[in-house]
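To keep things clear, I will list the structure first and then write my remarks on it.
The values are calculated or read from the model by the stated rules, or taken from the named source; none is laboratory data. What you see is a predicted model; the values in this text were computed from it and never measured. We place every Cβ from the backbone using ideal geometry, glycine too, and count neighbours over all the protein chains shown.
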Amino acid sequence: MTWRRERWSADHSLPIGVTQRAQVGELVRAGDIIAAGATLAGAMRVSGARRLGLSPSDLDRELRVRVGSDVAAGTVLARVGRRFARSVTAPIAGRLLHVTVDGDLYIAPIVDRWTVRATLDGVVSRSDDAMVEIEGEAWCLQGAAAYGPNAFGELTLGVDGPTADLAPTRIDVRLRGRIIVGGARVSAEVITRAHACGVAGLVAGGVPPAGLRVVYGDAVTASGSPSRDDRPTVLCLMGFGSAALPPAVYEPFAALAGARAAIHTASARLFVFSTADVGRHPTPSPDVAVRGEGPAAYAPAGRADTETDESDSDEPAQTEEELTPSASDPSSTER
Amino acid sequence: MTVSTGTEAPVEETRVALGRSLRVALLHGREEASRRVVAQLALASGAEIVARVRATDRRSFVEAAQALRDARPDVVVIQGGAKDEAALAELLEALRLGCGTQRPMPRVFALVDTSVAPALQVRADPFEFEHFATAPEIVEALRGLRRGGNEDVVLRDALIEDAARALATTNGTAALAVDVTERSTSLVLARRDGRVEAAHLVPLGLGMGADHVVVRASLDHVRRWLPWPIDSTALLERVFNRPRGAEGLPADEPAVLLEMALAREAIAHALRDVADAGLDVAAMRSAPAILITGRVASLPKSGQSLLVLVDGLEPSAVSTVFREPDEGRAERIGMVVSVVTRRSAKIRITRASGRSMAQVTPGSFGLVAIGADVDIAINGPGVRGHGRSGELGVLIDARGRPLSLPERDGERIPAVARWHTALHAIAADGSST
């Protein structure tokens with residue numbers, strides 16, 4: 001397991017009901033919405049070609065509404081004839097979802113909306129109703145397994161060294177939207193607390209499988225469990241239990257802290273978007289850096305590509321003390 | 001692997017492989033028989049079942065389509081009768097919606113009436129649709145996909161089936177082959193007439209498939225076989241880290257015992273799937289000849305292999321047990337006599353040098369050191385059999401069926417340790433070293 005900066009591809013599977021999606025060749029950044037759609041409930045089958053007296057292959061010509069469009073109840077979906085017209089109308093409001101081989105139509109009510117976001121800065125290389133694939137250059141760390149939905153945020157060190165475990169007390173709402181590097185181990189308590197505080201994702205050398213079972217259920221396996229639902233995102237780098245990160249893995253974290261990052265759970269990869277040469281630049285000793293200025297201090301000075309939002313009022317604490325919320329800390333009551 | 005075709009014939013080198021992973025979705029008719037047929041097809045072909053949808057599935061059209069999309073099948077196997085045509089056509093529409101843009105597209109293998117096939121083929125557009133007349137043809141086609149078009153490769157499943165057939169022919173009885181690898185568990189019953197019932201479960205094994213054993217069997221079911229107390233958390237970590245561990249034989253006794261525990265549950269769960277698919281579990285349990293292969297056959301001691309077999313399979317008759325490690329020859333390791341009795345019974349062991357009698361009490365479990373042709377007869381339960389015991393002798397197993405272990409650690413651990421000691425699977429004091 002090593003850091004590599006090269007061109008990667010990341011596929012993003014889409015649920016059924018896509019409304020719009022990025023097109024091939026489009027430039028996207030990690031975190032951008034690349035597809036949006038509707039969550040659909042039980043579909044209703046409506047007689048189409050037979051009702052109109054057409055052969056199924058001719059129905060397409062008479063459709064007044066494109067497949068995949070939203071329709072209101074009573075909308076004319078297809079129509080033939082002039083004086084003695086015959087038409088097919090939508091019995092319910094929803095999405096014209098599918099046309100069968102027989103020329104029947106499926107219409108499904110819309111119950112929710114969804115979006116899918118990019119996990120790579122790059123170019124869309126494939127786009128269809130099932131998947132959007134992006135190719136782009138980034139630093140990448142291949143993990144052992146990942147759990148939960150894809151995550152995006154600023155990479156932030158949450159521990160003092162590669163052998164340290166991430167303590168629950170170091171997680172608070174000021175880390176909302178960040179990807180936290182948890183050192184050797186993150187426990188179930190850390191995972192649930194981080195999720196409650198809005199932390200985007202956690203990266204650690206090891207995760208106790210018992211903790212994973214608590215969070216993701218007893219069906220969780222060592223091969224990971226990518227999902228789309230609202231769950232914590234965890235990237236397990238080395239294995240299960242506790243696994244101290246080797247210097248070759250940990251030190252680049254220190255160099256890349258503050259950069260935008262994404263966890264692609266289907267491939268168990270961490271992408272970091274930075275042009276920093278973590279292979280050649282001397283990286284500060286984590287211990288020294290932590291004692292000095294806290295997580296954000298890991299970002300090397302003068303790195304032009306560290307695209308953090310300086311105006312963000314929820315900037316994480318710059319000192320170790322601020323990272324540890326106290327009972328009297330008003331921000332901790334936001335949880 | 002080296003395959004010998006006889007004592008005098010030249011040895012031929014064969015390339016044996018597990019084959020590439022093949023994901024299959026099963027769409028079947030409303031009848032139970034239809035469900036069993038597709039389950040048998042999937043088990044026999046060694047494919048991983050990623051989705052099952054019955055014609056009367058309660059899921060909505062959209063949910064079924066989403067389930068098929070998420071499953072990303074390589075092949076969709078459909079089976080059903082004439083009255084299932086409409087329901088299967090609907091499922092094929094769900095497949096078109098769910099997987100129409102999947103690359104590469106799934107192929108549709110149909111085992112349906114000839115009268116139904118053309119209509120379903122139309123509805124399967126744009127997928128490649130192949131109609132098969134018999135189940136073995138589909139199994140062969142699925143295995144062909146696992147071979148990746150390389151006809152020189154011999155799949156491990158086929159080799160295990162050949163071994164079971166060879167044992168059945170040699171013994172003149174039904175024979176069962178039990179194979180447990182890093183990611184698969186196989187049970188193959190070969191009958192005297194050459195018919196074979198095979199189940200190759202993927203992923204379910206001791207390395208890549210170890211976590212699936214825990215998911216299916218539960219952690220407590222794996223833990224109960226260990227002859228020492230262990231924290232669930234620590235055990236779970238060991239199991240989850242197995243796929244990332246170095247492949248090969250376990251180095252120390254705790255690792256061996258964990259592997260044995262996982263193997264027992266893998267075999268037990270393979271049997272459950274076999275029963276669920278309507279295959280003959282009773283015949284498997286009563287096979288007079290049993291061959292153990294794979295990781296279980298490669299355990300350091302033959303007693304360990306035998307113990308895994310009797311605990312996982314729970315044989316129900318008199319069976320001669322062989323084991324054949326991947327890099328070794330087959331050897332006869334013992335004879336298992338399963339006795340189910342509520343009262344004491346007498347066992348009569350007859351061999352060329354004479355006859356001996358012994359008392360069997362319910363719950364007893366131990367070896368009788370005899371290394372010759374023997375006839376076994378037990379009064380009471382009516383167990384009879386003939387065979388040749390191997391290096392371990394005759395194992396009398398009167399623990400009852402189904403085998404139940406005490407719930408409490410204080411009772412269970414000594415009992416499990418006793419069973420291990422009886423087969424020389426651990427140090428005599430029952431401790432792990």
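Points worth noting:
- Residue in the range A:60-79 that is away from chain B (no Cβ under 11 Å), over 20 Å from B:A86 (Cβ atoms), in contact with a Leu (Cβ under 7 Å, 6 or more places away or on another chain) and in a helix (DSSP H, G or I) present: yes
- Yes/no for A:A118 being at pLDDT 95 or above and within 14 Å of another protein chain (Cβ to nearest Cβ): no
- Selected residue [closer than 16 Å to B:A47 by Cβ, in contact with a helix residue (DSSP H, G or I) (Cβ under 7 Å, 6 or more places away or on another chain) and of a type in the set (D, E, K, R)] from B:R156, B:R143: B:R143
- Helices (runs of 4 or more DSSP H) contained in the range B:52-149 and holding at least 3 residues under 21 Å from B:R30 (Cα atoms) and within 11 Å of chain A (Cβ to nearest Cβ): B:61-71, B:85-99, B:117-123
- Residues of the range A:121-139 satisfying the condition of being in a strand (DSSP E or B) and either within 14 Å of another protein chain (Cβ to nearest Cβ) or in contact with a helix residue (DSSP H, G or I) (Cβ under 7 Å, 6 or more places away or on another chain) (or both): A:S125, A:R126, A:S127, A:M131, A:V132, A:E133, A:W139
- Any hit, the range A:87-105, residues being of a type outside the set (A, V, I, L, M, F, W, C), more than 14 Å from every other protein chain (Cβ to nearest Cβ), surrounded by fewer than 21 Cβ atoms within 10 Å (Cβ to Cβ) and touching an Asp or Glu at 6+ places or on another chain (Cβ under 8 Å): no
- Contacts under 6 angstrom Cβ, first residue in the range B:356-369 being assigned by TED's automatic domain parsing to the domain that holds B:A398 and surrounded by 11 or more Cβ atoms within 10 Å (Cβ to Cβ), partner assigned to a loop (DSSP other than H, G, I, E, B) and among the hydroxyl-bearing types (S, T, Y), 6 or more apart: B:T361/B:S344; B:P362/B:T341
- Residues that are surrounded by fewer than 24 Cβ atoms within 10 Å (Cβ to Cβ) and either within 14 Å of chain B (Cβ to nearest Cβ) or without any contact (Cβ under 8 Å) to a residue 24 or more places away in the chain (or both) within the range A:237-263 comprise A:M238, A:G239, A:G241, A:S242, A:A243, listed in sequence order.
- Qualifying position, being within 14 Å of chain B (Cβ to nearest Cβ), β-branched (V, I, T) and either buried (at least 22 other Cβ atoms within 10 Å of the Cβ) or under 14 Å from A:T119 (Cα atoms) (or both), among A:V272, A:V234: A:V234
- B:D273 away from chain A (no Cβ under 14 Å) and either not charged (D, E, K, R) or not in a loop (DSSP other than H, G, I, E, B) (or both): yes
- Among residues of the range B:131-146 being surrounded by fewer than 17 Cβ atoms within 10 Å (Cβ to Cβ) and of a type in the set (D, E, K, R), the one that is farthest from B:R72 (Cα to Cα) is B:E137.
- Residue match in the range B:184-193 (condition: under 30 Å from B:V318 (Cβ atoms), away from every other protein chain (no Cβ under 14 Å), touching a Lys or Arg at 6+ places or on another chain (Cβ under 7 Å) and at pLDDT below 95): no
- Residue match in the range A:140-160 (condition: of a type in the set (D, E, K, R), in a loop (DSSP other than H, G, I, E, B) and within 12 Å of chain B (Cβ to nearest Cβ)): no
- Close contacts from the range B:296-310, counting a first residue that is in the same structural domain as B:L206 (by TED's automatic domain parsing) and at negative phi and a second that is assigned to a loop (DSSP other than H, G, I, E, B) and small (G, A, S), with Cβ to Cβ under 7 Å and a gap of 6+ residues or different chains, come to B:K301/B:A425; B:G303/B:A425; B:Q304/B:A425; B:S305/B:A297; B:L307/B:A425.
- Flag if B:L291 is assigned to a helix (DSSP H, G or I) and closer than 23 Å to B:D373 by Cα: no
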